[in-house]
Amino acid sequence: MKRTLHFFLTILLLSTAALAQDLYMPRNVKAAYESGTRSFDGKPAQNYFQNKSKHDIRISVSPPGRTVTGTQTIEFTNNGPNPLPVLVFRFELNVHAPEAMRERPVGPDELAPPIEIDEYSEDGTVREWNPLIKATGMTFNAVRLQKPVLPGETRSFGFKWHYTLVNGIGREGAIDPTTFYLAYFYPRVAVYDDVSGWDTTPHMLSHEFYAEFNDYDVEVTVPKNFVVWGTGDLVNIDEVLQPAYAKRLRGTFESDDIVTIATPKEIAEGKVTRQAETVTWKWRAEHVADVAYGLSDHYKWDASSVVVDKASGRRASTQAAYDLESRNFAKMVEYIKSSLEFGSFDTPGVPYPYPKMTIFRGFADMEYPMMANDSEMGNPQLQEFVAAHEILHTYFPFFMGINERRYSFMEEGWTTAFEYLYNSRHFEKGYADTMFKNFRVRGWITSDDQGADIPIMTAEDSMTGEGYGNNKYGRSALGYLALRDLLGEKEFNNALREFIRRWNGKHPIPWDMFYSFNTSTGQDLNWFWNAWFFSPGYIDIAFGETEGTSEGVKITLENRGGFPAPFDLTVKYKDGSSETIHKSPSVWKGDLRKTVISINKGKEIDSMAIDGGIWMDANPEDNVWEALEMIGNPSG
């Protein structure tokens, strides 16, 4: 029996290795797999680790003044195998400092002094703030500790700090004189992972973020008659809201009804918040990648809730905060509920993992855990389109801990694919296709820029410009949707959910994703991953030779762009009939350069056309064949 078990385990290991061996690995990724932190079966391995912090943050802000002051304690646990004599801290908002590195020009409203560290302490002992890098405007910096943080040890680090809000036309800042959005505002320990060590990639505005899963207790102190919305649970409802409004808010937690919690008029009349000179709103969130908060004295507040887990009956609160001029926000809670139901029960089909989702009217169209900062759109369908996109980011990057600085195609790409599927369910498919092609595909497929076709797997922290945007949105989303066409909806969903089950709350990298799909489907998909993600390419399918045989017609289609895209072949016959034949990416598995399709109808063909749908073709002129000459001649 032992020999039999050993035999089958050996076969399984050999099979897993075979599924993994064809994908290129950079040296640091290879070292992580060899160290036993990640496995070729697509699962976290025995030696996998990630660190964790517990944040206790107290901030004060008094609009229209733009100074935000904070006091913070970080309880940091080193779960890795190595002592850490130096800690790297992130200060993302230093990107607004005049001296900071940036990937795009900014106006004066986007500039502010760097975050001022007023006090720093280690284990309760105040020390001089003396970071190792002396340059101004650094979005990360390092501190040599009095003594290393040993493996398994928890240490305490304290900060007192203040900074000035910029104009909120970006991801954070002042939306108007008394409406602020606070994000990326606090010092945090950088991610230290098994692949790259410390995250020391500068934040330069265009690229996004990489954060550890932490616990947060946050207090936000504001003047009376200001409402605060934020990540996590509001744990002192009765201390900040007057009784009627506290009751109204609680009532929405178990109801499908959409309720106005407070109007701007009620807030201005002093009926909503407690009437002490300042009011402290207390928030708690556990095992999340970040926190963000919005506040205003004149925003309308709507709320409801929706079931996100049918097995347990668990509900998530759905809230919207907006100015009355943003008319399409009047339906925002409805849009949130629809998006949470789609994510929970359709695609990816994983129950929404958090207790709440709030959309705050700002300018950024940007996602944060349990929050989104969305602009007002003139078109209600576009408003829902944007809301759904930001909400579906819940899964990638937040639930899955994606390194957005380097692998944003694993979060923007997946979310863009989800966005298309959402739109296909909730609008007419023609509208969804048009929106996807116009917003996500056309700019790339019609580009003549050399950077348009570089491999998606190119490390994104070394990229800027058109190629970076194409890779993380349209090209990767098309790849995931092509994979769905290849596997079929059911098997694709099962594999996606298994990947999420294995890696939620951790930090998967692309190879983990590829190997997880391989092993959960039992298929060697490396040919697909190599073609779509590791190789330069685009979509260009063309008619080649068309040959008449005794049994019908053989049609050669050439894959001139290299991407294994699905397509429809529409055949019109001279008797007036027609048929459409769908071909999945599997037709390119044996030969990426060409495929042969046989039609055995015994009828004379009048014309044929290739239609990729959302997989738009770079050269549509070679997608049509007409029977101008005898069958057997090339179509050109």
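Points worth noting:
- For segment 171-306, size of Cβ-based charge dipole, Lys and Arg +1, Asp and Glu -1, in debye: 660 debye
- Sequentially through segment 269-284, phi angles give Karplus couplings (6.51, -1.76, 1.60; θ = phi - 60°) of 7, x, 8, 9, 8, 4, 9, 5, 4, 10, 10, 10, 9, 10, 10, 9 Hz, Gly and Pro residues having no value and appearing as x.
- Efficiency of FRET from Cβ geometry, Ala45 and Thr446, R₀ 51 Å, rounded to 0.05: 0.75
- Of the GluC sites (Glu not before Pro) found in segment 279-346, those that fall in a DSSP loop while having at most 11 other beta-carbon atoms within 10 Å are Glu325.
- Share of carbon and sulfur in the accessible heavy-atom surface of segment 204-338 [1.4 Å probe, %]: 49 percent
- When the listed pairs Lys337/Lys472; Lys437/Lys572; Lys337/Lys490; Lys300/Lys437 are checked against a 32 Å cut-off, the alpha-carbon distance exceeds it for Lys300/Lys437.
- Each Lys or Arg adds one and each Asp or Glu subtracts one; over the other residues with Cβ under 9 Å from the Cβ of Val306, this totals 0.
- With the simple spin-label model, which puts each label point 7 Å out from Cα in the Cβ direction, the Arg144 to Ser598 separation comes to 7.5 nm.
- Charged neighbours of Tyr48, selected by a Cβ distance under 12 Å, balance to +1 (K, R count +1; D, E count -1).
- The charge dipole of segment 163-246, taken about the Cα centre with unit charges on the Cβ atoms of Lys, Arg (+1) and Asp, Glu (-1), comes to about 420 debye, rounded to the nearest 20.
- Solvent-accessible surface ranking, highest first, for Thr570, Thr125 at 1.4 angstrom: Thr125, Thr570
- Here segment 494-557 has 40 percent of its accessible surface on carbon and sulfur atoms, given a 1.4 Å probe and all protein chains in place.
- Computed packing ranks the peptides 355-367, 159-171 as 355-367, 159-171, most packed first, by mean other Cβ atoms within 10 Å.
- Axis angle, to the nearest 10 degrees, between helix 510-521 and the longest C-alpha principal axis of the chain: 60 degrees.
- Amide H contacts of Arg188 (H built 1.01 Å from N, under 5 Å, at least 5 apart or other chain): Arg90
- Against the criterion of solvent-accessible heavy-atom surface with a 1.4 angstrom probe, Met513, Met138 sort, most first, into Met138, Met513.
- For the peptides 222-234, 290-302, 372-384, the ranking by mean Cβ contacts within 10 Å, running from highest to lowest, is 290-302, 222-234, 372-384.
- Links that overshoot a 26 Å alpha carbon limit, given the list Lys265/Lys310; Lys160/Lys282; Lys54/Lys247: Lys265/Lys310; Lys54/Lys247
- Peptides 590-601, 86-97 ordered by average Cβ neighbours within 10 Å, highest first: 86-97, 590-601
- Accessible area per residue for segment 375-510 is 32 Å², calculated with a 1.4 Å probe on protein heavy atoms, without ligands, DNA or RNA.
- Reachable lysines from Lys589, criterion Cα separation under 20 angstrom, eight or more residues apart if same chain: Lys554
- Lys/Arg +1, Asp/Glu -1 at C-beta; the chain dipole; positive extreme among Leu421, Phe91, Thr37: Thr37
- For the chain, the Cβ-based charge dipole about the Cα centre amounts to some 1660 debye (Lys, Arg positive; Asp, Glu negative; other atoms uncharged).
- Relative contact order of segment 396-500: 35 percent, from C-alpha pairs under 8 Å at least 6 residues apart in sequence.
- Charge dipole (the chain, unit charges on Cβ, about Cα centre) - positive-most of Phe517, Ile456, Ile610: Phe517
- The chain: relative contact order in percent, alpha carbon pairs under 8 Å with at least 6 residues between: 11 percent
- Positive-end extreme of charge dipole, the chain - chosen from Phe492, Val571, Asn379 (charges on Cβ): Phe492
- Calculated mean residue ellipticity, 222 nm, the chain: -7000 deg cm²/dmol, from DSSP H runs (n ≥ 4) at -39500 (n - 2.57) each, averaged per residue and rounded to 500.
- In nm, spacing of pseudo-spin labels at His582 and Thr136 (7 Å Cα→C-beta vector): 6.0 nm
- Rounded tilt (10° steps) of 476-487 against the dominant C-alpha axis of the chain: 50 degrees
- Under 19 Å of direct C-alpha separation, and excluding same-chain neighbours fewer than eight residues apart, Lys43 reaches these lysines: Lys30, Lys506.
The values are calculated or read from the model by the stated rules, or taken from the named source; none is laboratory data. Note that the structure is predicted; figures quoted are calculated from it, not measured. Positions of Cβ are generated from backbone atoms using ideal geometry, with glycine treated the same way; all protein chains shown enter the neighbour counts. SASA here: full protein model, heavy atoms, side chains in, ligands and nucleic acids out. Shrake-Rupley method; radii C 1.70, N 1.55, O 1.52, S 1.80 Å.
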